[in-house]
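Report on one structure; see the data block that follows.
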Amino acid sequence: MRHMCFVLLVTLAANISSQAQPQSKTPPPQTARQALIEMFLGKSPDAFVKHLPSIANRVLIRKGENPEASIVQRISLIGRQFTAQGHFETFEEGPTLLVAEQEEGKQKVKTEVTVERDNLMGENDEIEISIHVCRDGEPEFLPVVPRLIFSMTQEKDIWRLTEATLAVHVPLTDPDYLNGVRKQEDQVYESIASSRVTMIASAEATYAAKYPDRGYSCNLTELFGKSESGDATDQPSESYAPNFAADESSEYHFSLAGCAGTPATKFHITAVPTESDSGMKVFCADESGTVRFEVNGKGTDCLRRGQVLNQSTVSFPGKVD
């Protein structure tokens with residue numbers, strides 16, 4: 001009886017001891033998303049090749065091929081070069097796949113890769129991602145939203161990339177996107193207008209130097225056409241005159257005024273958006289040669305208190321006194 005009790009106690013103690021010891025768990029199989037992260041951002045030099053299909057490995061990988069000659073190795077370096085430029089973090093679950101932060105000059109750039117969908121169907125998975133960029137905390141507008149679709153297939157317990165598709169997303173019902181398109185167009189028009197004001201101011205300087213008895217001119221055709229003698233002026237050829245001499249161009253109205261006296265010793269040029277509520281900048285310049293701009297103002301506001309554009313001043317040779 002005592003012997004039986006002893007055996008039972010020993011058996012019970014052994015069971016309790018075995019249950020108390022930590023059980024070694026087999027790690028869960030790698031998901032397609034984890035494989036995608038490892039493929040492009042893994043530290044191992046073979047991480048990219050590991051997740052290529054077997055047929056791609058046989059055909060594209062050649063023994064002794066250097067990185068410069070191998071397209072596969074060049075692609076595999078893209079992810080490692082990206083991660084070496086700044087701080088980054090990957091996420092194996094949730095709506096965010098990757099967040100990276102780096103500095104470009106004085107700007108702080110944040111790149112976020114978002115998972116739009118992850119469709120797992122047995123041994124196949126299709127992962128669609130979109131890329132978003134912020135500069136100094138402000139979203140950077142892109143005319144099209146780039147999206148990448150990765151098709152993954154499980155082959156011998158390893159997820160392999162079988163197809164990658166680049167797609168573009170144009171959300172025409174998204175107010176933020178549409179406003180971004182309009183803002184980008186406005187910036188192009190502003191650049192054209194400021195360049196034209198600079199060109200007109202430069203033309204005034206050349207004209208006054210060539211015709212000191214007249215001074216400045218408030219006639220755009222005179223500035224960009226031909227002289228009264230029929231000789232070509234130093235300005236752009238007459239074939240360009242219809243563009244430069246027009247009062248309206250690229251969503252802006254241009255006005256030259258202030259050319260009083262003989263010779264005229266003053267002038268001012270203003271470029272005002274044709275749509276008063278567009279929110280685009282007003283540009284201006286005068287005989288000083290300094291090009292200025294005003295936000296949400298008028299031509300007179302620009303001439304009186306406008307900010308200097310890029311701190312640039314047109315050189316006025318033979319400036320009229």
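What the table shows:
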| read-out | value |
| --- | --- |
| Length gained when the stretch R135-H253 is fully extended (0.36 nm per residue, less Cα-Cα span) | 39.2 nm |
| Low-density loop positions, trypsin sites (Lys or Arg not before Pro), segment 145-182 - DSSP coil, at most 14 other Cβ in 10 Å | K156 |
| Segment 85-217: relative contact order in percent, alpha carbon pairs under 8 Å with at least 6 residues between | 12 |
| Heavy-atom accessible area per residue - segment 76-211, 1.4 Å, Å² | 60 |
| Modelled FRET efficiency - R0 41 Å, E104 with A246, Cβ distances, 0.05 increments | 0.60 |
| Residues whose placed amide H lies under 5 Å from that of E140, excluding near-sequence neighbours | V133, C134, R135 |
| Phi-based couplings in Hz for segment 42-57 (Karplus 6.51, -1.76, 1.60; Gly and Pro marked x) | x, 7, 5, x, 9, 4, 5, 4, 4, 9, 7, x, 4, 5, 5, 4 |
| Net lengthening on full extension, D157/M121 (0.36 nm per residue, minus Cα-Cα) | 11.5 nm |
| Residues E93 and R304, FRET efficiency given R0 of 56 Å [Cβ-Cβ distance, rounded to 0.05] | 0.45 |
| Extension reserve of the T221-T173 stretch, reckoned as 0.36 nm per residue once the Cα distance is removed | 12.9 nm |
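The values are calculated or read from the model by the stated rules, or taken from the named source; none is laboratory data. Being a predicted model, the structure only gives us computed values, none of them experimental. Please note: Cβ atoms are built from the backbone with ideal geometry, for glycine as well, and neighbour counts cover all protein chains shown. Accessible surface is based on the protein model in full, side chains and every heavy atom, while ligands, DNA and RNA are left aside. Shrake-Rupley method; radii C 1.70, N 1.55, O 1.52, S 1.80 Å.
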